[in-house]
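A.B. asks: Got a structure for you, written out below as structure tokens; questions coming shortly.
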Amino acid sequence: MTVSKSGKRLLAMYHALYKAYGPQHWWPADTPFEVMVGAVLTQNTSWANVEKAIMNLKRARVLTPARLRDAAPRRLAMLIRPSGTFNIKAARLAHLMAFLTERYRGSLALMLRADMRELRKGLLQINGIGPETADAILLYAAGRPVFVVDAYTERILSRHGLVPVRARYEDVQQLFMCNLPGDAALFNEYHALLVRVGKLHCKKSSPQCSGCPLEPFLC
């Protein structure tokens with residue numbers, strides 16, 4: 001693969017982040033199904049809150065496709081309460097379980113082996129699942145080479161002049177996928193590193209550029 005100018009810059013930024021922070025071991029989960037549930041629960045909340053909700057599901061022994069599908073809506077909502085907007089997220093999990101049951105006979109293995117484009121299209125048709133959540137499931141649960149874009153990614157890249165401010169999700173994603181090798185492990189680590197530097201340095205209202213591994217790449 002011939003690496004473009006943008007690709008060389010992206011790779012240099014990646015290596016700077018990796019040198020500074022090392023491997024991030026993301027997504028922290030025991031199973032692909034836990035990843036999938038976590039991808040829904042992490043919408044608009046901190047990971048610490050998601051961990052509490054996941055632990056509740058584990059203690060209640062409902063963190064399996066069949067048991068989550070059969071859980072009473074009110075009970076499920078109470079179990080995931082720490083993740084916030086719990087009634088909405090319980091409904092989204094129910095929609096996701098219905099998709100898994102109707103499309104893939106309840107088999108997570110069958111779903112995760114499905115054609116990537118078809119699976120992504122199907123996930124995006126589920127009420128409450130947008131591109132970031134769908135791509136998190138594809139990358140972190142299914143191990144597919146798709147780049148996950150979040151607010152940290154857009155903010156960091158726009159501040160470094162790689163994308164416009166408030167760039168479209170698809171445009172930011174294509175910057176990575178068209179200029180880097182299609183490697184799920186690379187996309188996994190890169191996204192996690194961007195989240196790390198976003199939390200530590202590239203903050204929304206008060207960026208702390210001094211000491212940031214990406215400071216040398218500022219335009």
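A.B. asks: Tally the residues that are touching a helix residue (DSSP H, G or I) at 6+ places or on another chain (Cβ under 7 Å) and crowded, with 19+ Cβ neighbours inside 10 Å, restricting the search to region 164-175.
C.D. replies: Selection size over region 164-175: 2.
A.B. asks: While we're here: Please indicate, with yes or no, whether at least one residue in region 129-140 is over 21 Å from Gln174 (Cα atoms) and not in a helix (DSSP H, G or I).
C.D. replies: no
A.B. asks: Would you call Ile156 farther than 26 Å from Arg92 by Cβ, over 16 Å from the mean Cα position of the chain (by Cα) and among the β-branched types (Val, Ile, Thr)?
C.D. replies: Answer is yes for this residue.
A.B. asks: So which pairs qualify, if the first residue must be in region 57-75 and outside any helix (DSSP H, G or I), the second must be of a type in the set (Gly, Ala, Ser), the Cβ gap must be under 8 Å, and the two must be at least 6 apart or on different chains?
C.D. replies: Pairs that qualify, where the first residue is outside any helix (DSSP H, G or I) and the partner is of a type in the set (Gly, Ala, Ser), are Val62/Ala71.
A.B. asks: On the given criteria, is Glu154 among the acidic types (Asp, Glu) and in contact with a helix residue (DSSP H, G or I) (Cβ under 6 Å, 6 or more places away or on another chain)?
C.D. replies: Yes; evaluated as a whole, the condition is true for this residue.
A.B. asks: Only residues that are under 14 Å from Tyr152 (Cβ atoms), part of a helix (DSSP H, G or I) and over 14 Å from the mean Cα position of the chain (by Cα): list them for region 173-219, please.
C.D. replies: Selection gives Phe176, Val197, Gly198, Lys199, Leu200.
A.B. asks: Mind listing whichever residues of region 114-131 are surrounded by 15 or more Cβ atoms within 10 Å (Cβ to Cβ) and within 13 Å of Arg92 (Cβ to Cβ)?
C.D. replies: Matches in region 114-131: Leu123, Ile126, Gly128, Ile129.
A.B. asks: State all residues of region 1-25 that are free of Cβ contacts under 8 Å to residues at least 12 places away in the same chain and either surrounded by 15 or more Cβ atoms within 10 Å (Cβ to Cβ) or over 17 Å from Glu189 (Cβ atoms) (or both); if no residue qualifies, say none.
C.D. replies: Answer for region 1-25, where residues must be free of Cβ contacts under 8 Å to residues at least 12 places away in the same chain and either surrounded by 15 or more Cβ atoms within 10 Å (Cβ to Cβ) or over 17 Å from Glu189 (Cβ atoms) (or both): Thr2, Lys5, Lys8.
A.B. asks: While we're here: Pull out all pairs, ordered by first then second residue, where Cβ-Cβ is under 9 Å, the residues are six or more apart or on different chains, the first lies in region 103-114 and is under 14 Å from Arg67 (Cα atoms) and free of Cβ contacts under 8 Å to residues at least 12 places away in the same chain, and the second is hydroxyl-bearing (Ser, Thr, Tyr) and outside any helix (DSSP H, G or I).
C.D. replies: Close Cβ pairs (under 9 Å, with a partner that is hydroxyl-bearing (Ser, Thr, Tyr) and outside any helix (DSSP H, G or I)) do not exist here.
A.B. asks: Also, I was wondering about something else. Please find, within region 1-30, the residue that is farthest from Phe147 (Cα to Cα) out of those that are more than 15 Å from the chain's Cα centre (by Cα) and not in a helix (DSSP H, G or I).
C.D. replies: Asp30
Where a number appears in this text, it was derived from the coordinates with a stated rule and is not lab data. No experiment lies behind these values; they were computed from the predicted model shown. As a convention, Cβ positions derive from the backbone with ideal geometry for all residues, glycine included, and neighbour counts pool all protein chains shown.
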